[in-house]
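These notes concern the structure reproduced below.
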Amino acid sequence: MVEMTSEFDGMSRRRLLKIAGAAGLGGAAGLILPGQANAAMEALVSRNYLGVTSCDLYYEPSGNADSFRFESNFYNQLSSWRTYLDSNAPTSWGAPTRIYSYGAYTDKPGMHGAGRAFDIGRIMFENSSGTRQWVSMRYDVWRGYANADYWKRRYWGTAAGLMRRFRHVLTYMDDRDHWNHIHVDNDLYGELANCKFTTSSSSQTYIVQAACHHAWGISTVIDGDYGPNTEANSTKVLRRIGRTSGTITNAANFQAFCTASYRKALGTQAY
């Protein structure tokens, strides 16, 4: 995703205030500075939980419980995703009780500056017996582990579940900046009704390919290019889960692919 920058980026606050005064804008009172514009346009809410108070938010770098600021509609969309996450995980896992993040609203241009992006580092499920299950987006940590395939399976299944709702889901295949988290935002959409697959999207294609390969065990090239191999293998998945016609370019098929991949990867359903 390309983030838009302002022509004022790089100007000092003092310089901008001088411009405001010269323009008769009444100094700081008449000027919205970069980094403040998004917050001024959208109402932000501060939350230390996601959706329900039993799902706490933690700051991944420190490991401590923390609060994050979100644009209110985006927060509601994330809360709906958390419900989906819970409903489609194995019953024996219990519920997601902790989500570790690198942040939501941040004072910078782009979707983070609007409070409409969230960086997920880890998700912890816990059942009534206290048994915990983890989904880790920390590719930077486990990529060299002997059991890396175990973590990749959960990682890519969860990425597919995120993709069912959010158009922008950036993974470690996109660039090194995302080796320690998965980025989601609702720049284009964050509602199930709008969910669709775009063949020109390398980010979506990475997830489809990796889900085929790691969740479904179908040998698939993971290169971000949608072609005959990706179409054939994702269609194999569709037929296996009961979708009798079409490819993932059909919106209903794509949504079914995302959910089935999440459930398959976590062991909820064998198909």
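The values are calculated or read from the model by the stated rules, or taken from the named source; none is laboratory data. Quantities reported herein were computed from a predicted structural model and do not represent experimental measurements. Neighbour counts run over all protein chains shown; Cβ positions are idealised from the backbone, glycine included. Ligands, DNA and RNA are stripped out before the accessible areas are found, and what is left, the full protein with its side chains, is counted by its heavy atoms. Shrake-Rupley method; radii C 1.70, N 1.55, O 1.52, S 1.80 Å.
Here are the numbers for the structure shown:
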read-out	value
Rounded to the nearest 20 debye, dipole of region 130-271 from Cβ charges on Lys, Arg, Asp, Glu	700
Shape of region 120-181, Cα gyration tensor, a/c cut at 1.5	oblate
Solvent-accessible area of Phe197 with every protein chain in place, 1.4 Å probe, in Å² to the nearest 10	10
Centroid-to-centroid separation of region 154-188 and region 54-128 [C-alpha atoms, Å]	13
Signed unit charges on C-beta, dipole axis of region 193-244, positive-most listed residue Ser203, Ser234, Ser219	Ser234
Rough spin-label spacing in nm, given labels placed 7 Å along Cα→Cβ, for Arg132 and Asp223	4.1
Linear extension gain, Asp175 paired with Tyr59, 0.36 nm per residue minus alpha-carbon span	39.6 nm
Computed lengthening from Asp149 to Lys108, 0.36 nm per intervening residue step minus Cα-Cα distance	11.2 nm
Net charge of Cβ neighbours under 15 Å - reference Trp142; Lys, Arg +1; Asp, Glu -1	+3
Stokes-Einstein diffusion coefficient of region 160-271, Kirkwood radius over Cα pairs, 4 °C, 1.567 mPa s, in µm²/s	93
In Å², nearest 10: area of Val237 left accessible to a 1.4 Å probe	0
Dipole axis of region 132-175 (+1 Lys, Arg; -1 Asp, Glu on Cβ), positive-most option in Trp134, Trp151, His168	Trp134
Charge dipole (debye, nearest 20) of region 165-223; +1 at Cβ of Lys and Arg, -1 at Cβ of Asp and Glu	200
Arg122, Arg240, ranked by accessible area, largest first (probe 1.4 Å)	Arg240, Arg122
Local electrostatic count, Tyr59, Cβ distance below 15 Å [Lys/Arg +1, Asp/Glu -1]	+1
Lys152 accessible area, 1.4 Å probe, all protein chains in place, Å² to nearest 10	40
